[in-house]
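The values are calculated or read from the model by the stated rules, or taken from the named source; none is laboratory data. Everything quoted here is computed from the prediction, not taken from an experiment. Counting neighbours? That spans all protein chains shown, and the Cβs are built from the backbone with ideal geometry, glycine included.
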Amino acid sequence: MERRDFVKTIPLTVLGAAAIESSETASAQRGGAPWDDGGGATNRGQVHHLLTKKSGTPDYVQHWRESDMDGIGPDGKAVPGYKAAGAGSPPKISKHDPSKAPHQMKLTREEQDILDGKKGEALAKLMKTIVRHGNLFGAEKLVDLGGNPHSSTFLGSPALSPIVEVLKECADAGLKAYAPYTINPRPFDLYNVAITREMELMMFESLPLQIELDHLHARLGGRGMTTRSCMCYLPEVGNAPEPGTYVAWGESSAINAGNSILGIRTNRNSMGMELLCALLGKAPYFGLMTDEGRQAKWLVEVKTSGEPDWGVLGGGIGEKCVEDVPYIVGIDKYLDGKITPENLHKLKAMGAATASSGAVGLYHVENLTPEAIQKGRKLLVEGYQTYVVDDKEIERIRSGFPNLWPKNVKKPTAAHIGCPHNTYHELVSWSTRIHDALKKRRQEKVALQTVMFCSVEVRDHLFHDYPEMVRDLHVAGVRWSNTCTVCISGFKGYADGNFAVTNSNKTRKYSNSRYVSEPDMLEVIMTGELPG
Ligand code: F3S
């Protein structure tokens, strides 16, 4: 199966047959499969001349169908070892005997009533979908959710048409999330990233459902645009549930950080599923929500001669452990034994890379992350495997990063800083370093478009605290954007003419951007030349 064909099935996989009943009906009426966005998009009259006849989607939009949750590598093949469970493969899946009845989780009386439609048709469909999803993964039961949800359903792409239709049905039925929820950044920014009129058109045509999706979020209980970010757990955004809280978050980097750094309990939910759980206020109990699923199958020993490159280290761990939980030793000393606002970005960079180069939804760091502090090496399963990362291994991983630029392109045209979004401390640090370097070199402008990605709340924190530095940097060509780094970096119209360097191994993984380590990035921004 081609990658393109495979990813077309994602919305089906995500939502299951029950909840997309309305999509199927609508789709059947217009003569297409439920995931065929052609009729839906065309009916909305929002896409025009660039549509392909077959699918109703512009050719250049196909990549919007990709996801870091689908277990498919850049070559279009399944990532070895990935079983979509997010915590190793639950034994109930692999041991299921087709001659026996499918697994059925236990439901309370109240849950059964919802399933039977006693609280309305929309809630019954929603329950049916979630129960079916949980049964597939061998869930024992449903658990009540707490804290606040985080949604990764942020792309108004035609591929998400079935999800949008389901969410509309929920909103029309008056359903709302059990608590206000945060949402991933929007996929484009028409203000702060230099784009042409043609690119702007392509963005609108690629994302014809964006406004409808944004509107649905507002109706369902999503928080406002200024909090849009994958770094929902930063103080400026304020979605950091207490350790041990069951949530059903979307966004692989937020899930990874939430489970590991905050100690919350969530599986790696796909787009759509996280919102259905938020609307029900319950999620199936399996995988990373259980004590057993949070045990580590890998001991990762970091033995580098100095502080490792965090993105490269995370990439190596992701490739080795795939979706298993690693227990990492040897790095707590680089954070002085405590996670603080000033060093959080190190774990953020490492964790996001484990979740994108692999599918790691949780890691433990000895002496540092909450469960490792509590239980130590008791978190390791019997018979765990060991992975040693030394200087040679770091170099091996880094040298394996491909250069996806055309042969004749030798210099970058943009520097994209931050994916996941920057913390306040990172913004201050990058802004100060660039500001100082400009002064020292008596340079008026940075050598290439430089964009730091962050939520509006975090950006405003910087703007309020350092207004003069921000003014100088703006004049020098630096911008701050609240969009998703990967979306803009990989956007077809943008990526054709912009060749970015990035300090994010996640952005490197999902776009044609080239990875530049933090110590070299400043020089690239000032000179426009790649490190030698
Ligand atoms: Fe955030 Fe987008 Fe990167 S959602 S983690 S900036 S891919």
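For the range 509-532, what are the residues that are outside any helix (DSSP H, G or I) and either farther than 30 Å from R442 by Cβ or not hydrophobic (A, V, I, L, M, F, W, C) (or both)?
Of the residues in the range 509-532, the ones outside any helix (DSSP H, G or I) are 511-517, 528-532.
Residues satisfying the conditions are S511, N512, S513, R514, Y515, S517, G528, E529, P531, G532.
Restricting attention to the range 444-461, which residues are of a type outside the set (A, V, I, L, M, F, W, C) and assigned to a strand (DSSP E or B)?
So in the range 444-461, the residues of a type outside the set (A, V, I, L, M, F, W, C) come out as 444-445, 449-450, 455, 457, 459-461.
Listed by number, the residues that qualify are Q449, T450.
List the number of the failed condition for Y424; all other conditions in (1) crowded, with 17+ Cβ neighbours inside 10 Å; (2) aromatic (F, W, Y); (3) within 21 Å of T304 (Cβ to Cβ) hold.
Here Y424 clears every test but (3).
Considering only the range 285-336, state which residues are among the aromatic types (F, W, Y) and either farther than 29 Å from T502 by Cα or under 24 Å from the mean Cα position of the chain (by Cα) (or both). Spell out the reasoning first.
At the first step, the residues of the range 285-336 found to be among the aromatic types (F, W, Y) are 285-286, 298, 310, 327, 334.
Passing the criteria: Y285, F286, W298, W310, Y327.
Could you list, in sequence order, the residues of the range 345-389 that are charged (D, E, K, R) and part of a loop (DSSP other than H, G, I, E, B)? Spell out how you get there, then give the answer.
As a first pass, look at the range 345-389 and keep what is charged (D, E, K, R): 346, 348, 366, 371, 375, 377-378, 382.
Selection gives E366 alone.
Restricting to the range 302-346, name every residue that is in contact (Cβ under 8 Å) with a residue 60 or more places away in the chain, farther than 19 Å from Y424 by Cα and β-branched (V, I, T).
Selection gives V302, T304, V312, I317, V322, V325.
Do we find that M199 is more than 19 Å from the chain's Cα centre (by Cα) and not assigned by TED's automatic domain parsing to the domain that holds K506 in this structure?
Working: more than 19 Å from the chain's Cα centre (by Cα): yes; not assigned by TED's automatic domain parsing to the domain that holds K506: yes.
For M199, the condition - more than 19 Å from the chain's Cα centre (by Cα) and not assigned by TED's automatic domain parsing to the domain that holds K506 - is met.
Here are the criteria: (1) within 16 Å of the ligand (Cβ to nearest atom); (2) in the same structural domain as Y387 (by TED's automatic domain parsing); (3) under 30 Å from K106 (Cβ atoms). Tell me which single one E251 does not satisfy.
(2)
Does M199 count as aliphatic (A, V, I, L, M), under 25 Å from S489 (Cβ atoms), touching a His at 6+ places or on another chain (Cβ under 9 Å) and not in a strand (DSSP E or B)? Before the answer, list the steps.
Numbers: aliphatic (A, V, I, L, M): yes; under 25 Å from S489 (Cβ atoms): yes; touching a His at 6+ places or on another chain (Cβ under 9 Å): no; not in a strand (DSSP E or B): yes.
Spelling it out, it is not the case that M199 is aliphatic (A, V, I, L, M), under 25 Å from S489 (Cβ atoms), touching a His at 6+ places or on another chain (Cβ under 9 Å) and not in a strand (DSSP E or B).
Rundown of residues vs (1) in a loop (DSSP other than H, G, I, E, B); (2) surrounded by 17 or more Cβ atoms within 10 Å (Cβ to Cβ); (3) away from the ligand (no atom under 16 Å from the Cβ), yes/no style:
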{"residue": "P162", "(1), (2), (3)": "no, yes, yes"}
{"residue": "K168", "(1), (2), (3)": "no, yes, yes"}
{"residue": "T182", "(1), (2), (3)": "no, yes, no"}
{"residue": "R186", "(1), (2), (3)": "yes, yes, no"}
{"residue": "Y191", "(1), (2), (3)": "yes, no, yes"}
{"residue": "M203", "(1), (2), (3)": "no, yes, no"}
{"residue": "S229", "(1), (2), (3)": "yes, yes, no"}
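Could you check the range 320-341 and list, in sequence order, the residues that are part of a helix (DSSP H, G or I) and either in contact with a Gly (Cβ under 6 Å, 6 or more places away or on another chain) or closer than 24 Å to Q374 by Cβ (or both)? Steps first, please.
Initial filter on the range 320-341 (part of a helix (DSSP H, G or I)): 320-321, 332-335.
Those that are part of a helix (DSSP H, G or I) and either in contact with a Gly (Cβ under 6 Å, 6 or more places away or on another chain) or closer than 24 Å to Q374 by Cβ (or both): C321, D332, K333, Y334, L335.
Would the range 206-214 turn up any residue that is farther than 17 Å from L167 by Cα and touching an Asp or Glu at 6+ places or on another chain (Cβ under 6 Å)?
no
Under the condition of being under 17 Å from G224 (Cβ atoms) and away from the ligand (no atom under 16 Å from the Cβ), which residue from the range 448-461 is surrounded by the fewest Cβ atoms within 10 Å (Cβ to Cβ)? Quick ask: steps written out before the conclusion?
First, pick out the residues of the range 448-461 that are under 17 Å from G224 (Cβ atoms): 454-461.
Retained after the next criterion (residues that are away from the ligand (no atom under 16 Å from the Cβ)): 460-461.
Values: D460: 15, H461: 19.
Only one residue fits best here, namely D460.
For residues that are over 26 Å from the mean Cα position of the chain (by Cα) and of a type in the set (D, E), tally how many sit in the range 368-387.
So the answer is 1.
Could you tell me whether any residue of the range 462-476 is surrounded by fewer than 23 Cβ atoms within 10 Å (Cβ to Cβ), in a loop (DSSP other than H, G, I, E, B) and in contact (Cβ under 8 Å) with a residue 12 or more places away in the chain?
The answer is yes; a qualifying residue exists.
Is it true that some residue in the range 422-435 is closer than 28 Å to Y327 by Cα, part of a loop (DSSP other than H, G, I, E, B), out of contact with any helix residue (DSSP H, G or I) (no Cβ under 6 Å at 6 or more places or on another chain) and in contact (Cβ under 8 Å) with a residue 60 or more places away in the chain?
yes
Scan the range 244-296 for residues that are of a type in the set (A, V, I, L, M, F, W, C), in a helix (DSSP H, G or I) and under 23 Å from F154 (Cβ atoms) and report the count.
Going residue by residue through the range 244-296, those that are of a type in the set (A, V, I, L, M, F, W, C) are 247-249, 254-255, 257, 261-262, 264, 271, 273, 275-280, 283, 286, 288-289, 296.
Remaining after also requiring in a helix (DSSP H, G or I): 254-255, 257, 261-262, 273, 275-280, 288-289.
Checking which are under 23 Å from F154 (Cβ atoms) leaves us with 254-255, 257, 261-262, 273, 275-280, 288.
Number of matching residues: 13.
Take the residues in the range 498-508 that are assigned to a loop (DSSP other than H, G, I, E, B) and within 14 Å of the ligand (Cβ to nearest atom); name whichever of them is nearest to S431 (Cα to Cα).
Keep residues of the range 498-508 that are assigned to a loop (DSSP other than H, G, I, E, B), which gives 498-499, 503-504.
Among the residues that remain, those that are also within 14 Å of the ligand (Cβ to nearest atom) are: 503-504.
Numbers: N503: 15, S504: 17 Å.
Top of the filtered list is N503.
Is one or more of the residues making up the range 402-412 buried (at least 21 other Cβ atoms within 10 Å of the Cβ) and either in contact with a strand residue (DSSP E or B) (Cβ under 7 Å, 6 or more places away or on another chain) or assigned by TED's automatic domain parsing to the domain that holds T507 (or both)? Step through it out loud before you land on a result.
Within the range 402-412, the subset buried (at least 21 other Cβ atoms within 10 Å of the Cβ) is 412.
Okay, now just the ones that are also either in contact with a strand residue (DSSP E or B) (Cβ under 7 Å, 6 or more places away or on another chain) or assigned by TED's automatic domain parsing to the domain that holds T507 (or both), so 412.
Yes, the range 402-412 has at least one match.
Could you tell me which residue of the range 140-160 is surrounded by the fewest Cβ atoms within 10 Å (Cβ to Cβ), considering only residues that are assigned to a helix (DSSP H, G or I) and among the aliphatic types (A, V, I, L, M)? Let's see the steps before the verdict.
Initial filter on the range 140-160 (assigned to a helix (DSSP H, G or I)): 158-160.
Filter again for among the aliphatic types (A, V, I, L, M), leaving 159-160.
Numbers: A159: 23, L160: 27.
Top of the filtered list is A159.
For F204, are the conditions met, namely being more than 30 Å from H416 (Cβ to Cβ) and modelled with pLDDT under 95? Lay out the reasoning, then the answer.
Details: more than 30 Å from H416 (Cβ to Cβ): no; modelled with pLDDT under 95: yes.
No; evaluated as a whole, the condition is false for this residue.
Filter the range 477-497 down to residues that are within 16 Å of the ligand (Cβ to nearest atom) and either farther than 24 Å from C230 by Cα or assigned to a loop (DSSP other than H, G, I, E, B) (or both), then give me how many there are.
Adding up the residues that qualify gives 4.
Among the residues of the range 436-446, write down those that are surrounded by fewer than 18 Cβ atoms within 10 Å (Cβ to Cβ) and either over 15 Å from I525 (Cβ atoms) or in contact (Cβ under 8 Å) with a residue 24 or more places away in the chain (or both). Walk me through how you get there before you give the answer.
First, pick out the residues of the range 436-446 that are surrounded by fewer than 18 Cβ atoms within 10 Å (Cβ to Cβ): 436-437, 439-445.
Passing the criteria: A437, R441, R442, Q443, E444, K445.
Taking the options G244, G224, name whichever one is within 20 Å of the chain's Cα centre (by Cα) and without any contact (Cβ under 8 Å) to a residue 40 or more places away in the chain. Show your work before the answer.
On the way: G244 fails: within 20 Å of the chain's Cα centre (by Cα).
One residue alone meets the criteria, G224.
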